[in-house]
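Structure record follows, encoded as structure tokens.
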Amino acid sequence: MHKLRQILPILILTILLTACTGNAVAQANESTTATVPEKGEPTATPEVVSKEPPATCPVTVPQNPAFMPPVPYSPNGPFLGWFWYGSNSLWVAIPSGAVWHPMPNNSEGYFDKVFWWRDGYVWNEEPEPELLVSGERLDAKAPLLIASKATNAYTSDIGSAMLVGVDFPALGCWEITGKYRDAELSFVIWVAP
């Protein structure tokens, strides 16, 4: 019985210390565990926060001489502060400075729409044009751009156009390529928050 009285306090102390140490380890693990973004959740990296493209991103600038689409399209870009880029076979409108921001985000990343034009394309004769759009990030590794199936578009200010929704999985420097029939066009833009 005497030995039990000597061992019992040591046993209780050991149990208490073990419980406290285990709790401290669990708390330490909780505080050092990084939060992992959900699949598809857009993440910004420290080097990709500027609204201005760095010199290392070869953004597309207006052609010299400037591309003028055929009649009935306006010789200026369809939107204020945008310019036409391409040829009669395939062209797009790009914002001045080739910066897209602010970018709305969704579960796939950062979303926008790209209008594409071609001389002779008529929106109601080809409601689902066989335009294929792809894109890749140039300044860092990232999943490829996700492009929707092309659809038609028409308004009096933009005329007949093809429209594709694009999801950028990350911000940064992106090259987008469109292929329609015998034509291919690529351009580089800076996607900013």
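The values are calculated or read from the model by the stated rules, or taken from the named source; none is laboratory data. Given the structure is predicted, the values throughout are model-derived calculations rather than measurements. FYI the Cβ positions are ideal-geometry reconstructions off the backbone, even for glycines, and counts take in every protein chain you see.
Hey, residue 182 hits all of (1) touching a strand residue (DSSP E or B) at 6+ places or on another chain (Cβ under 8 Å); (2) touching a residue at least 40 places away in the same chain (Cβ under 8 Å); (3) at negative phi but one; which does it fall short on?
That leaves (1) as the condition not met.
Say whether the condition of being surrounded by 12 or more Cβ atoms within 10 Å (Cβ to Cβ), closer than 19 Å to residue 183 by Cβ and outside the structural domain of residue 182 (by TED's automatic domain parsing) is met by at least one residue in segment 50-65.
yes
Would you check if there is a residue in segment 126-135 being among the β-branched types (Val, Ile, Thr), in contact (Cβ under 8 Å) with a residue 12 or more places away in the chain, on the phi < 0 side of the Ramachandran plot and surrounded by 17 or more Cβ atoms within 10 Å (Cβ to Cβ)?
yes
Going through segment 52-104 one residue at a time, which ones are over 18 Å from residue 190 (Cα atoms) and in contact with a Pro (Cβ under 7 Å, 6 or more places away or on another chain)?
Selection gives 68, 88, 91.
How many of the residues in segment 153-166 are out of contact with any Leu (no Cβ under 7 Å at 6 or more places or on another chain) and buried (at least 16 other Cβ atoms within 10 Å of the Cβ)?
6
Could you tell me which of the residues 83, 111 is in contact with a helix residue (DSSP H, G or I) (Cβ under 9 Å, 6 or more places away or on another chain), outside any loop (DSSP other than H, G, I, E, B) and within 21 Å of residue 57 (Cβ to Cβ)?
Working: 111 fails: in contact with a helix residue (DSSP H, G or I) (Cβ under 9 Å, 6 or more places away or on another chain).
Exactly one of 83, 111 is in contact with a helix residue (DSSP H, G or I) (Cβ under 9 Å, 6 or more places away or on another chain), outside any loop (DSSP other than H, G, I, E, B) and within 21 Å of residue 57 (Cβ to Cβ), namely 83.
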